[in-house]
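Before any comments, here is the structure.
The values are calculated or read from the model by the stated rules, or taken from the named source; none is laboratory data. All values derive from a computational prediction rather than experimental measurement. Here the Cβ positions follow ideal geometry from the backbone for every residue, glycine too, while neighbour counts run over all protein chains shown. Keep in mind that these areas ignore ligands, DNA and RNA; they rest on the heavy atoms of the full protein, side chains included. Shrake-Rupley method; radii C 1.70, N 1.55, O 1.52, S 1.80 Å.
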Amino acid sequence: GAVLHDGGVKLVNPCKFVNAFHWHCSPEMHAPIDSLHNLKLVGVQPCWQNCTGLLSERGLIPVTDMCADGHRVPVSAELSRLFKHRAVDWEGVRDMCCPQNEKCNGQWQQSMFQAWQRSPTSLRLCSLRTDVNCLLMEGKGIVGRWVPSRLWESDLPQRSSRSHLTTQANLTQQSPTRASRRKANLTQQNPTQASQTKANTQDTGEHPSPASMLRATYLTSILFRVVESPNRSAHGEEMLAALSENSRNPHIEEVHVLMEGGSCDLLKAEMSANVGGEGALGKLHCKSVSEPPLYKDFFEYAQQELSSRIVILGNTDAVFDGTLGLIQRDLSPGLALVLPVQTDKGRYRSIFGRDCVVPTRCSWGAYDGYGWDSGGSSWDAFIWRSPLPQAVNLTALSFPMNANQANQAAGAVLHDG
């Protein structure tokens, strides 16, 4: 994100409303690129009340209209820190709605914090005008400079060990009863108002009207030998299924793949034979590359080949759904949406016969995240209208898209110009 940040691009994180699911339950494959340690990085707070680039029909009541049956009280430092980022300066919650007959003093708020430690879903965001005993979320979508040295601070709020979030690998090592309980906690890790709206459901968007379709172009890459049969890897299966799923999305009108090895016809044949089905193969366009594409190669391709289009640049194992329809059709130039990934809500199971539970990167902080340094600091997709502003220094994007912290570095260069 830093490259986009430096180029004057406004970064917005609408992940509480627009879904990106991570179909990756095999080992991570991040490139060990040491040079990224010297680049500027940014984090992008998930927006809530004011999400530039989205349609207004999100079912939210303005925070200024809430707490009609109570009174506003500043939250304690302990509760406020649940919505702050360990390495980026931002603020998400300043006030809570206290019942009229209560003072909601420090001891009262301390009991709320202790209840959160035992059960994260006990601490609610206000969603109705009459709600009380809840937090008033603003979520302005702040873009902050990443300060890595803060990642090692130790005086940070923690949940009890019973409510710590767990990876899929750990789940498989537990007893069936305990694993099922922990898995249930994972799927409930985002107890916000969005969970009551279309924002936090997996919407297949199978039958939108033509006028409501986004008509975006999805841009990704594939190393063909990873998905080629008969030696296809487990993650190759996931990537082929994800590519098929995205090609069927009615909000995506074309799929462009930078392809290392193989050919478009061979890729279509593998997609047709894969467990995810063939998808909409007529949308598929391929460009052969001789080596793994760098971030700058994707953006240069979009500049040259996809001008005037809304482009979704994403990792091949990221799956999008009908919530893409919440994005404005006339997305402003100079604006880029970033989408952190979260756990799929059912489609993965229907294809593979098992769940793929991953930590959500779509969080404000410890309140709804899997780690204090996670919220807004990692994403798997950029969405923008091509071309980017001329001020963006694309040569500064000379690193792989799957390198550690690559997305934060790319976002910073786009934003800071």
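Where in the range 248-339 are the strands (runs of 3 or more DSSP E), entirely inside, with at least 2 residues that are out of contact with any Pro (no Cβ under 6 Å at 6 or more places or on another chain) and in contact (Cβ under 8 Å) with a residue 40 or more places away in the chain?
Hits in the range 248-339: 252-260, 310-314, 318-320, 335-339.
Confirm whether Gly365 is under 18 Å from Gly411 (Cβ atoms), open to solvent by less than 10 Å² (accessible area, probe 1.4 Å) and part of a loop (DSSP other than H, G, I, E, B).
Criteria not met by Gly365.
Yes or no, residue by residue, for (1) out of contact with any helix residue (DSSP H, G or I) (no Cβ under 6 Å at 6 or more places or on another chain); (2) at pLDDT 85 or above; (3) buried (at least 22 other Cβ atoms within 10 Å of the Cβ):
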site	(1), (2), (3)
Ala318	yes, yes, yes
Arg347	yes, yes, no
Gln390	yes, yes, no
Leu397	no, yes, yes
Ala406	yes, no, yes
Margin query: Testing Ser332 on (1) open to solvent by 50 Å² or more (accessible area, probe 1.4 Å); (2) within 21 Å of Leu258 (Cα to Cα), one condition comes back false. Which one is that?
Written below: (2)
